[in-house]
Amino acid sequence: MLPPIKVAIADDHKIFRSGVINTLTPYENINVVFEAEDGEHLLDIMTTQLPDVILMDLKMPKLDGIQATVQVKEKYPEVKVIILTMYEDDNFIVHLVENGANAYLLKNSEPEEIYEAICTTFEKGFYFNENVNLALLKKVLHKNKQQFKPTFKNEIQLGDRELEVLKMICSELTTQEISEKIFLSPRTVEGIRQKLLEKINVKNTVGLVLYAFRNGLIE
């Protein structure tokens, strides 16, 4: 039996709020307890009613989602905040996570991922998808790049095409975008990506980025 979760939505667009509510309706353990038009409205309602999880937009009038997140975490640290925004910028991601956000999702996320993020943050305290992991990883690696111990770069031999694809992956290009740039089919690009995973012995894109940073393949 899944535990009941009280959810609040803070977004200045009523149509979007309604869409999110409709998206969450099929999930019986989700109870949307209130909506807020902006951060100020959200904090006013929270003086009398606390949700378990807040879906927080960033760009809102009066009090934006960045300021509202900081205030919520200061006053109600037990309340989980999931950023739900159009801003796919690493600086936004890192700043919000450093200031207490428990998850960071884009508004075009699938309903299943929004539901998973709500349940995971409620139960475990955070939900970091690959976008968040990559943003945090880049920050840590840039900050501590000189602290990595030297390694023998010739332990893994990568071909020119593999290096080219690896650098594009680290630039967050999709398989389709890479295929268009280097004039290969998406299937061939995905094959090169899979070969990189096998050669470097990592499980996902985060591992590839970590390898590239540690070995000076990207700045």
Longest span of the chain, sites excluded, free of chymotrypsin sites (Phe, Trp or Tyr not before Pro) in DSSP loop with at most 13 other C-beta atoms within 10 Å?
1-147
Would you mind checking LYS14/LYS59; LYS138/LYS199; LYS14/LYS62; LYS59/LYS181 for any pair whose Cα atoms are more than 25 angstrom apart?
LYS59/LYS181
Hey, got a sec? Which GluC sites (Glu not before Pro) in region 44-109 land in a DSSP loop and have at most 15 other Cβ atoms within 10 Å?
GLU78, GLU88
Contact order relative to length of region 22-149, as percent, for alpha carbon pairs under 8 angstrom and 6 or more apart
20
Given a 1.4 Å probe and heavy atoms of the protein chains only, how would you sort ASP44, ASP12, ASP160, ASP57, largest accessible area at the top?
ASP160, ASP44, ASP12, ASP57
What figure in square angstrom, to the nearest 10, would you give for the accessible area of MET168 with a 1.4 Å probe?
30
The chain: calculated mean residue ellipticity at 222 nm from DSSP helix runs of at least 4, using -39500 (n - 2.57):
-15500 deg cm²/dmol
Accessible surface of SER185 - all protein chains present, 1.4 Å probe, nearest 10 Å²:
50
GNM, the chain, Cα, under 10 Å: largest mean-square fluctuation among ASN129, ASN108, ASN31?
ASN108
I want to check the label-to-label distance for ILE15 and GLU130. Put each point 7 Å from Cα in the C-beta direction and report it in nm to one decimal.
3.1
Toy charge model, Lys and Arg Cβ at +1, Asp and Glu Cβ at -1: the chain dipole around Cα centroid in debye, rounded to 20, equals 980
Over the chain, with every protein chain in place, what whole percent of the accessible area is carbon and sulfur at 1.4 Å, could you tell me?
51
Taking 8 Å as the Cα distance limit and 6 or more residues as the minimum spacing, I'd like the relative contact order of the chain as a percentage.
14
What does the accessible area per residue of the chain come to in Å², with a 1.4 Å probe and no ligands, DNA or RNA counted?
56
For volume of the Cα convex hull per residue in Å³, pick the label among (1) 190; (2) 155; (3) 105 that corresponds to the value derived from the coordinates.
(2)
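The values are calculated or read from the model by the stated rules, or taken from the named source; none is laboratory data. What you are looking at is a predicted structure, and each value in this text was computed from that prediction instead of being measured. We place every Cβ from the backbone using ideal geometry, glycine too, and count neighbours over all the protein chains shown. Side chains are part of the model used for accessible areas, which takes the heavy atoms of the whole protein and leaves out ligands, DNA and RNA. Shrake-Rupley method; radii C 1.70, N 1.55, O 1.52, S 1.80 Å.
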